[in-house]
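The next block holds one structure in the form of C-alpha cells; read it before the comments.
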Amino acid sequence: MKFGVVQFPGSNCDFDAYHALSRAMKRPTVMLWHKDHDLRGVDCVVLPGGFAYGDYLRVGAIARFSPLMQEVQAFARRGGHVLGICNGFQVLLELGLLPGAMLRNKNLKFLCQHVHIRVEDARTDFTRAARKGQVLRIPIAHFDGNYYAPARALKEIERRGQVVFRYCDADGRVTDEANVNGSLHAIAGIRNEAGNVLGLMPHPERASEALLGSTDGRAIFESLIFSLERRRPSRRPAARTRARHD
Amino acid sequence: MIDQALLDQHNLTADEYRLIVELIGKEPNLTELGIFSVMWSEHCGYKSSRVHLKKLPTEGPRVVQGPGENAGILDIGDGLVVVFKIESHNHPSYIEPYQGAATGVGGILRDIFTMGARPIAVLDSLRFGPPDDPKNRSVMEGVVSGISGYGNSIGVPTVGGEVYFDPCYNLNPLVNVFCLGLAEKDKIFYAKAEGAGNKVLYVGAKTGRDGIHGATMASAEFGMETEHKRPNVQVGDPFKEKLLLEACLEVMDRGLIVGIQDMGAAGLTCSTTEMAAKSGMGVVVDLDKVPQREEGMTPYEILLSESQERMLLVATPDNVAAVQAVFAKWDLDAPVIGEVVEGGRARISFKGQVVVDIPVDAVVNLCPAYTRPSLPPGPPPPAPPLEALPLPEDLGAVLLKLLASPTIADKEWVFRQYDHMVQINTVVLPGADAAVLRIKGSPKALAMTLDGNALYTRLDPRTGARIAVAEACRNLACVGARPIGVTNCLNFGSPEKPEVMGQFEQAVTGIAEACRTFGIPVTGGNVSFYNDTEGLSIHPTPVLGIVGLIEDIRRLVRPGFRAAGDAIVLIGESREEVGGTEYLLAQHGLRAGAPPAIDLEQEKRNQDFLLEAIEAGLVRSAHDLSEGGLAVALAECAFHGRGRIGCEVDLRSDLRDDVLLFGESQSRILVTCRPADLGGLLGSAAARGVPAEAIGRTGGTWIAVERSGRGILRVPVAEAYEAWKTSLPSYFQIRT
C-alpha cells in the first residue's frame, strides 16, 4: 500500500510522518503538495502535524481551503482512508470530516509530553493491531487539543462509538489528571461514522522507533497497513507487519 | 547639519565621526550617518570586545568556518557539518518579553539556515529575577511563551538549556538562544556577493518601521510626524519564517544562488554592505523596489528597519526566474532590488536620487576597536570560616530546600511548553545533562549543552569561566559525547565601566584557557554589553554552548539510576569548598567566598576516563555534580531513572557533613555500574590517576547517606521528588 503525506505551508511534522511511514514502517510514501489536485494514487492520506498557515485565524481554518482538500474530501467520501495527526486532526474538524472543535488546552499553555491513551475500539481500520483497552504511550505537542463538541453531538459521538482513543493514566484509568488538555470525555482521537477517517492529537510518528523512547505509535500504522493490504491481496502479505502488541 | 546632539542620538563619538569623514572623504548625510551608527555599534562592530576575543582558540581539524560568518561550522564526518551559534536577545526580552524572545529565536534560526543548514535544535539559557516577584514571573512567562510560540510553530525542537534565578536579573533578564543546524559539507553557503552583474534579490516579509532605534529624529528634518516613532522591539511571524526557511533551503539545495545573508540587526544596511565587502565588490540598490509595509518611509527608515523574516540573495541573471519560481511556490515574492558592481561602493538610490554612496569596506571592516580601561576584579567577599557557619541539624531538610530552590528545581514547567520532539531526532529529552539528537541514517549522534554559573563568575570571573567550559564538557561526557566545538554568549554590564571590562577580560582569559586544555575551538558567539539597569550591572554571565559528538549512539548513557543493586562510584575529589555554593546561598543567605577551584588537567583526565569507560560499556548511568553538590546529584539520579530508585551511600571523608553533602567541588561525576564491573572500573581509574571510589549502591526508596556507618541524610525519594517537581509550578499556579 502507498501512503501520501500532505504538505501545507507551515506543516512541520510532514517529514516526520514521511520518515516513520517510509523508513520505520517501510511502506512506499509520497509527499502531496497542498496546491495540487492529485492524490497520486495513494491508499491512505495522512494530514500531518504542524501549524498550517501559521494556524492564523483559527487552527486548521485556512488549510481546509487548500486546493488539495477538495480531493481529500472526495477521497474520504469514496471510503478512502484519511489519518489526521494533531494539526491534521484540527484540519479534519474544520473540513467537517470529523465532528467537534478544538479549544486551547485547559492550562492555557502549549504541552509537549508523553501521554497515555487507551484504545476504546480495536475493530477500526486504525486500531486492528491493538486490543481494546490497550494503553499506548505516545507524545502530544499542541496548544489547541482540548476537544469540544456540543452536548447533543457528544452524546451521538459516544452512542455511535466514534471515540477511538481516550487520555488515561499508565494503568488505563481515565482521570482528570491524565486528561492534560481538558478534552471533553478525555477524547484523544475520534473516527467518522463510516470508520475510514481518524483524527488524533498524539503523534504516532514520534513513537515509532525504539531509539525515541516508544514504539507504541506503530500500532496505528500497522493497523492501517494490515487493513488496507488485506483488501488488496496482490500486495505484500500483511501478516508480516502484524504488531507485537497483543 | 550634523552636530553633537545628532551624534549622541546615534551613539557615535566626535572621534568616530572624524574617522568616518576621513574614510568616506566627505561629510555623511543623515542616512549615511545612520548606517555607520548601526554598523559601528557595539552590537555589530564588537568595538570593546574585539581585541580581547582574539585570545580565544579558533582552530582545529574539524573547523570549516570559525568566527566571522553568521555561524561556526564543524565537520562531523560522513560529508556532514554542523552549523551553530548562540545569540542574546536580552534587552528586547525585558521590554516586551514575548516578542523579544520570539524574535531572538527567529534571528538565530536565520543565522543557521542562511548558511544552507536545516536547523535541528534550539537551546536557551534564561536568567530571571527570583520567581517570588510577580514582575519576574510575568517576564518569565512571556519569554517562555515567546520561545515556545516561535520555535514550536516553525518546527525546530527546543531540546534543552538552563534557567537560573538571581536578583541581579530583576531588571535585566538574559535570553540567550543557541541553534544548531545540519548540512552537507559541499552545500554550505556564505554571505557572498560575487560577480559583477549578478542580481540582488529581496525575499521574505515586507519592510516596516519596526526596530529602527535611531528613528527618534526631530520630525522637522524628515518632514514626518513624531507619532511615526515605533517601539524598538520587532514583531515575529514564525509562519513567514517557516516559508522563508523552506524556500531558501530549496534554492540553495538546487544551487540556484551565489550568496545569501539574513537581515538581522541593521537590516538591509548590514546585509548589503557585508555581502559586498566580503567579496571585495560594490552594490547598487534601488530602495523603491524594496517591498514596504507602510507608506511614506524614508530611505533612513528602510535601510535601518529591523523587520523580521527577511533575507537578501545574490543570483546570476540566468537564475533569477528560477529563484523567483521557488519563492512563488512558497507564496513569497523575490523582487530584484539591486545588482553587484565593481568598485567596492554601496550606491543606494531612492526616488531617482542617490541617497547613499559610501565605500563598503569602511562600513564593515574599519569600525574602530577599543582597548577600554579596565580594573582587575578584586577578591570576592570572603565567606565566613566554616566554624562560624552553624551546621544545620537536619540535613534532610536542607536537601529538600535545595531541591526546591528555583535554580535547582525541575524545569518541566518550562520545557513542556516547548515542542522538544518535532523532527523526531531527540533521543535524550530536556532535563538531562545534555540534549542528544540522533542523525538519521547514521550511528552518530550530537550532544549539546549550555552552561554558565554566574555566581561563580561574579565571585571570580576567570575561575567561573573556566568552570563554565569544564562543566559543559562534563555534561557532554556524561552522555558519552566528546566535545568538538564551542560558541559563547558573553553577557556583561557596561564596557565603559572599568570593573566590567576587568571582569570581561578575566572571563575571556578563563574561557580561552579551558578551551585550550580541552582542545576545542571557539567558532563564534556573541557579546552582549550594557546589561545595566538603573546603574546596576548584572553578574558577569558568560554562557558556553558546547557541541559534542557521540560516535555510536548505542553507547549513549543517561543520568538516571537504571536498576537496583548497581554500584555507585564517585569520580573526582571532594574538598572543603563552600564558596559560591547554592547551599551557602539557600541555607545561610550568602553570596560569598571563592568559587570552587578547578584543575583543568585533572578535569580533562576525569572526563577522558569517563568517556573511555562509557565506550567500553562499563557505565550504566552518569551525572555530573554541580549546584547542590553530591546530595542533589544523588537525588537527581534517582528522579531521572525509571521507577525512581533510591540509593544507599556510605562515605569516608574528613569533611564536615554539610560540606561533604552540598559542597560544589569541581570535576566530579556520579556513575553507576554493574557490581561485576566495579573492580575493572576502579582499577582503570587508578591507572589513569583519576580519583574514584565506590560509595554505595542503588536500591530502596530512600536517599540514604552515611559516613563511616553513621547516618547523616535520610530522605524518602518520593518526598524529595515532590519538593523538586512542584517547586517551579507552584509559583505559576493560577489563583482563583
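The table below lists the values:
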{"item": "Condition met for B:Q417 (within 14 Å of chain A (Cβ to nearest Cβ), under 30 Å from B:A718 (Cβ atoms) and of a type in the set (S, T, N, Q))", "result": "yes"}
{"item": "Sole exception among (1) within 20 Å of B:E627 (Cα to Cα); (2) more than 14 Å from chain A (Cβ to nearest Cβ); (3) not aromatic (F, W, Y) for B:A388, by number", "result": "(1)"}
{"item": "Selection count, segment A:1-31, where residues are in contact with a Gly (Cβ under 6 Å, 6 or more places away or on another chain) and within 14 Å of another protein chain (Cβ to nearest Cβ)", "result": "4"}
{"item": "Odd one out for A:R23, checked against (1) touching a residue at least 12 places away in the same chain (Cβ under 8 Å); (2) outside any loop (DSSP other than H, G, I, E, B)", "result": "(1)"}
{"item": "Residues of segment B:234-269 satisfying the condition of being buried (at least 21 other Cβ atoms within 10 Å of the Cβ), of a type in the set (D, E, K, R) and more than 14 Å from chain A (Cβ to nearest Cβ)", "result": "B:D262"}
{"item": "Selection from segment B:274-309 of residues that are more than 13 Å from B:G338 (Cα to Cα), of a type in the set (G, A, S) and assigned to a helix (DSSP H, G or I)", "result": "B:A277"}
{"item": "Residue ID - nearest to the other protein chains (Cβ to nearest Cβ), chosen from residues in segment A:44-65 that are touching a strand residue (DSSP E or B) at 6+ places or on another chain (Cβ under 7 Å) and assigned to a loop (DSSP other than H, G, I, E, B)", "result": "A:G49"}
{"item": "Check on A:R131, touching a residue at least 40 places away in the same chain (Cβ under 8 Å), surrounded by fewer than 19 Cβ atoms within 10 Å (Cβ to Cβ) and either more than 15 Å from the chain's Cα centre (by Cα) or within 26 Å of B:Y98 (Cβ to Cβ) (or both)", "result": "yes"}
{"item": "Elements of type strands (runs of 3 or more DSSP E) contained in segment B:618-736, each with 2 or more residues being surrounded by fewer than 20 Cβ atoms within 10 Å (Cβ to Cβ)", "result": "B:647-651, B:692-698, B:702-707, B:710-716"}
{"item": "Selection within segment B:669-693 - closer than 14 Å to B:I568 by Cα and more than 34 Å from the chain's Cα centre (by Cα)", "result": "B:R674, B:P675, B:A676, B:D677, B:L678, B:G679, B:G680, B:L681, B:L682, B:E693"}
{"item": "From B:R620, B:R644, residue being touching an Asp or Glu at 6+ places or on another chain (Cβ under 7 Å) and in contact (Cβ under 8 Å) with a residue 40 or more places away in the chain", "result": "B:R620"}
{"item": "Complete set of residues in segment B:134-171 that are assigned to a strand (DSSP E or B), within 11 Å of chain A (Cβ to nearest Cβ) and among the acidic types (D, E)", "result": "none"}
{"item": "Only listed residue being part of a strand (DSSP E or B) and under 30 Å from B:G378 (Cα atoms), chosen from B:I520, B:I546", "result": "B:I546"}
{"item": "Of all residues making up segment A:198-217, the number that are in contact (Cβ under 8 Å) with a residue 40 or more places away in the chain, within 13 Å of chain B (Cβ to nearest Cβ) and either more than 18 Å from A:V82 (Cβ to Cβ) or outside any loop (DSSP other than H, G, I, E, B) (or both)", "result": "8"}
{"item": "Qualifying positions in segment A:87-136 - in a loop (DSSP other than H, G, I, E, B), touching an Asp or Glu at 6+ places or on another chain (Cβ under 6 Å) and within 14 Å of chain B (Cβ to nearest Cβ)", "result": "A:R104"}
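We did not get these values from a lab; they are worked out from the coordinates using the rules stated. Computed from a prediction, not measured in an experiment: that's the story for all the values here. Counting neighbours? That spans all protein chains shown, and the Cβs are built from the backbone with ideal geometry, glycine included.
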